[in-house]
Amino acid sequence: MQKNNIIKIENLSRIYRLRSGEQVKAVDNIDLEVPEGQFLTIVGSSGSGKTTLLNLLGGLDKPTAGKVTVDGTDLSGLKEADAVKFRREKVGFVFQAFNLIQTLTALENVEAALAPTNISQAERLERSMSLLESVGLKQRIHHLPVELSAGEQQRVAIARAFANQPKILLLDEPTGNLDTATGRDIMEICHKNSKSNGQTVVAVTHAEFVRDFTDRLIYMRDGKLRQIS
Amino acid sequence: MHMVPYSYAWREMRRRKHRTIINIIGYVIIVATLVAIVTTARGWEATTAQPLKQIGTDLIFLYSAPVVPSGSGCYIVNHLFSFPFEQSKVHDIESFEGVERAVPILMHRMGAIVLVGIDPSETETNAVLPENVLDGRFLASEDKNVALVDLEYAQLNNLTLGSTVGYMKGRFEVVGLVDVDAGNILKSHIYVNLPVGQRTIPDNNTGLVNVALLSVNDPREIEEISNALTEQFTGSTVIAAKDLAAKTSNALAIGEETAWNISIALAVVTVLFTVRSQIAAVSERKREIGIFKAIGWSRSNVVSQIFIESAFQGIIGGLVGCVIGVGFAWFFLSGISGGTFVDPVILVIGFAAAVASGMLAGAYPAWKAAKLSPTEALRAI
């Protein structure tokens with residue numbers, strides 16, 4: 001059965017204007033549709049526009065032209081408050097540099113994603129602990145990021161990304177700062193959790209082994225989607 | 001109650017210890033200054049006003065220059081010359097706006113002994129009041145050659161009830177022993193009826209007094225009434241409790257209004273300094289703010305976070321400042337009074353001022369943080 005497209009991109013462009021007046025086309029007039037539940041991987045060299053595309057999909061940035069629709073929400077003209085709601089409810093981010101809050105414990109980092117919601121304190125704690133347990137960090141919940149290995153920090157970031165049970169998971173070079181074995185572990189966790197929850201994943205990466213987890217692979221170069229397989 | 005913002009705020013403060021401590025010190029200075037100076041000012045006024053209050057007096061009226069050619073140059077103990085004036089003038093003073101009561105007094109000093117002539121029918125404002133009688137009775141209007149004697153003076157001179165005490169040409173039976181803590185300016189030894197006193201001292205003093213003790217309707221108007229009386233009665237001197245204090249001690253004397261002005265000036269400086277400090281803190285945390293925005297924190301969540309941190313600093317500074325302020329007030333007042341009364345309202349105002357200053361200092365940095373674009377913030381190193 002054909003699944004609905006949860007992501008629909010039409011003629012999308014994102015142009016940055018530099019102080020010198022020069023314009024950089026980070027995303028250049030692309031079209032893309034992603035069915036619900038698909039694990040999509042975008043590969044490409046540094047500066048090809050992958051992260052910009054993820055930021056546009058996550059409502060962190062706004063397109064210069066074109067349209068991005070995610071789970072029925074048109075992100076192109078979204079107001080700040082609606083963009084916040086969208087990020088809180090619909091997407092989970094995992095970054096290359098983990099982006100954990102250094103002064104918060106693993107548990108608090110996950111709970112931070114739930115802090116702006118109306119979920120009760122007890123449920124927040126329960127859900128955060130359960131997520132950390134699911135990424136194998138049950139014994140490390142009260143550790144600060146600095147007390148965790150790189151792989152463990154990325155697992156905390158994954159638990160945080162899943163905290164609000166988002167429909168879409170956006171992975172920005174999630175294995176970029178990890179060795180191959182740890183990176184593979186991380187991808188397995190993301191793959192397993194997203195599949196079991198029916199979540200759509202868009203990952204951008206350089207790592208070759210990501211091919212083993214992906215349903216679909218796209219190459220990006222100079223802001224354009226060059227090859228689709 | 002979401003615990004993450006609070007634990008995050010607390011740890012951020014600990015992470016930036018030096019900046020946090022400097023900010024808190026600023027709030028401590030505001031509150032400690034406010035509490036210490038205002039409490040000291042109030043304690044000072046209360047302490048110095050107490051002796052006069054005990055005899056129902058707010059102001060002492062006298063002439064420090066001759067008013068009438070006749071009469072003796074009477075002398076008040078606190079090195080202030082006071083010259084006789086018509087007793088009827090006391091009625092004029094009493095009818096003055098704001099004056100509740102004006103009581104005539106005649107004081108005369110011979111050597112180290114001070115004789116005071118009083119109107120015993122005045123039992124609320126007077127050089128001695130019925131409640132000052134420790135043994136015996138108070139004076140009555142019809143009394144002639146009887147006197148009240150200061151207890152200390154009586155003990156030094158072996159005077160008891162029924163003894164005779166002399167002053168110049170007068171001889172008086174001691175009918176009461178009194179203890180009046182009226183401060184140096186009104187410290188007296190022998191109290192007699194006013195007409196008796198007028199006859200006892202040299203020259204013709206009939207109908208003359210040299211002091212009027214005044215009570216006012218509203219103590220907040222003391223200074224205003226004092227100025228108006230001085231203006232109305234040329235050559236007169238009106239002494240209030242705080243003037244008395246300035247003459248009797250070298251300790252710190254500062255008005256409450258000045259105390260408030262100093263504290264407000266300090267608060268402004270501290271807020272400006274803390275704003276700068278908090279802006280720097282926000283700049284250092286650009287990336288973290290980006291992370292929070294990426295995981296769904298709204299502008300108001302970010303603003304609240306910065307506010308919480310600033311308020312925490314204000315709360316700590318406020319509490320420590322209150323303690324230090326009370327300590328300083330106690331230190332300043334310990335030399336001049338038996339105790340330090342700390343008005344809880346001042347503590348509340350001081351504490352609230354610190355928290356408000358903290359939040360004010362956090363407002364602009366919070367607004368700057370809220371405005372940050374998440375992608376720009378995430379790119380920050």
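The values are calculated or read from the model by the stated rules, or taken from the named source; none is laboratory data. Treat the numbers as computed from the prediction; the structure is a model and nothing was measured. With ideal geometry, Cβ positions are generated from the backbone for all residues, glycine too; neighbour counts draw on all protein chains shown.
Scanning segment A:100-136 for residues that are more than 13 Å from chain B (Cβ to nearest Cβ) and at pLDDT below 90 yields A:S134, A:V135, A:G136. Tell me yes or no: at least one residue of segment B:78-100 is at pLDDT 70 or above, under 23 Å from B:A147 (Cα atoms) and of a type in the set (K, R). Taking every residue of segment B:78-100 in turn, none turns out to be at pLDDT 70 or above, under 23 Å from B:A147 (Cα atoms) and of a type in the set (K, R). Restricting segment B:288-310 to residues that are touching a residue at least 60 places away in the same chain (Cβ under 8 Å) and within 13 Å of A:A83 (Cβ to Cβ), the residue that is nearest to the other protein chains (Cβ to nearest Cβ) is B:A294.
If you take the residues in segment A:43-57 that are over 22 Å from B:I295 (Cβ atoms) and not hydroxyl-bearing (S, T, Y), which one is farthest from the other protein chains (Cβ to nearest Cβ)? First the steps, then the outcome.
Within segment A:43-57, the first condition is being over 22 Å from B:I295 (Cβ atoms), and the residues that meet it are A:43-49.
Those still in the list that are not hydroxyl-bearing (S, T, Y) too: A:43-44, A:47, A:49.
Working: A:V43: 21, A:G44: 18, A:G47: 14, A:G49: 13 Å.
In this case the residue turns out to be A:V43.
Has segment A:3-20 got any residue that is of a type in the set (S, T, N, Q), touching a helix residue (DSSP H, G or I) at 6+ places or on another chain (Cβ under 9 Å) and not in a strand (DSSP E or B)? Scanning segment A:3-20, I find no residue that is of a type in the set (S, T, N, Q), touching a helix residue (DSSP H, G or I) at 6+ places or on another chain (Cβ under 9 Å) and not in a strand (DSSP E or B), so the answer is no.
From A:E147, A:E123, A:E152, grab the single residue that is acidic (D, E), surrounded by fewer than 17 Cβ atoms within 10 Å (Cβ to Cβ) and within 20 Å of A:N99 (Cβ to Cβ).
Going through A:E147, A:E123, A:E152 in turn, the sole match is A:E147.
Looking across segment B:257-270, the residues that are of a type outside the set (S, T, Y) and surrounded by fewer than 22 Cβ atoms within 10 Å (Cβ to Cβ) come down to B:E257, B:A259, B:W260, B:N261, B:I262, B:I264, B:A265, B:L266, B:V268, B:V269.
Annotation note: of A:R216, A:R184, the sole residue that is surrounded by fewer than 19 Cβ atoms within 10 Å (Cβ to Cβ) and in contact with a strand residue (DSSP E or B) (Cβ under 7 Å, 6 or more places away or on another chain) is A:R216.
All of B:V345, B:V326, B:V355, B:V320 fail the test of being over 30 Å from A:P166 (Cα atoms) and either out of contact with any helix residue (DSSP H, G or I) (no Cβ under 9 Å at 6 or more places or on another chain) or not in a helix (DSSP H, G or I) (or both), apart from B:V345. In the set B:G170, B:G162, B:G197, only one residue is small (G, A, S) and in contact with a helix residue (DSSP H, G or I) (Cβ under 9 Å, 6 or more places away or on another chain); that residue is B:G170. I'd like to know if segment B:222-238 contains one or more residues that are part of a helix (DSSP H, G or I) and more than 20 Å from B:H91 (Cα to Cα). Yes, segment B:222-238 contains a residue that is part of a helix (DSSP H, G or I) and more than 20 Å from B:H91 (Cα to Cα). Go through (1) within 21 Å of B:Y27 (Cα to Cα); (2) more than 14 Å from chain A (Cβ to nearest Cβ); (3) among the hydroxyl-bearing types (S, T, Y) for B:S334 and report which single condition fails. Here B:S334 meets the rest and fails (1).
Give me the pairs: first residue in segment A:178-190 and more than 13 Å from A:Q153 (Cα to Cα), second residue surrounded by fewer than 17 Cβ atoms within 10 Å (Cβ to Cβ), beta-carbon distance under 6 Å, and six or more apart or on different chains, which are they? Within 6 Å, the pairs are A:R184/A:F209.
Count of segment B:180-221 residues, restricted to those that are outside any strand (DSSP E or B), surrounded by 19 or more Cβ atoms within 10 Å (Cβ to Cβ) and among the polar types (S, T, N, Q), is 5. Listed here are the helices (runs of 4 or more DSSP H) enclosed by segment A:58-173 that have at least 3 residues being under 15 Å from B:A294 (Cα atoms) and in contact with a strand residue (DSSP E or B) (Cβ under 6 Å, 6 or more places away or on another chain): A:150-162. Checking each residue in segment B:163-179 for being in a loop (DSSP other than H, G, I, E, B) and either among the acidic types (D, E) or modelled with pLDDT of 95 or more (or both) picks out only B:D179.
Of B:I315, B:I289, B:I324, B:I295, which residue is touching a Lys or Arg at 6+ places or on another chain (Cβ under 7 Å), at pLDDT 85 or above and not basic (K, R)? Quick ask: steps written out before the conclusion?
On the way: B:I315 fails: touching a Lys or Arg at 6+ places or on another chain (Cβ under 7 Å); B:I289 fails: touching a Lys or Arg at 6+ places or on another chain (Cβ under 7 Å); B:I324 fails: touching a Lys or Arg at 6+ places or on another chain (Cβ under 7 Å).
Being touching a Lys or Arg at 6+ places or on another chain (Cβ under 7 Å), at pLDDT 85 or above and not basic (K, R) holds for just one of B:I315, B:I289, B:I324, B:I295, which is B:I295.
Figure legend. Inter-residue proximity from segment A:97-126: first residues at positive phi, second residues part of a loop (DSSP other than H, G, I, E, B) and surrounded by fewer than 23 Cβ atoms within 10 Å (Cβ to Cβ), beta-carbon distance below 9 Å, spacing 6+ or different chains. Indicated pairs: A:F98/A:N177. Looking across segment B:311-325 at every residue that is free of Cβ contacts under 8 Å to residues at least 60 places away in the same chain and either more than 23 Å from A:E111 (Cα to Cα) or surrounded by fewer than 18 Cβ atoms within 10 Å (Cβ to Cβ) (or both), the one that is nearest to the other protein chains (Cβ to nearest Cβ) is identified as B:I315. In this structure, does A:Q38 turn out to be under 16 Å from the mean Cα position of the chain (by Cα), more than 20 Å from A:A163 (Cβ to Cβ) and surrounded by fewer than 22 Cβ atoms within 10 Å (Cβ to Cβ)? When the stated conditions are applied, A:Q38 passes them.
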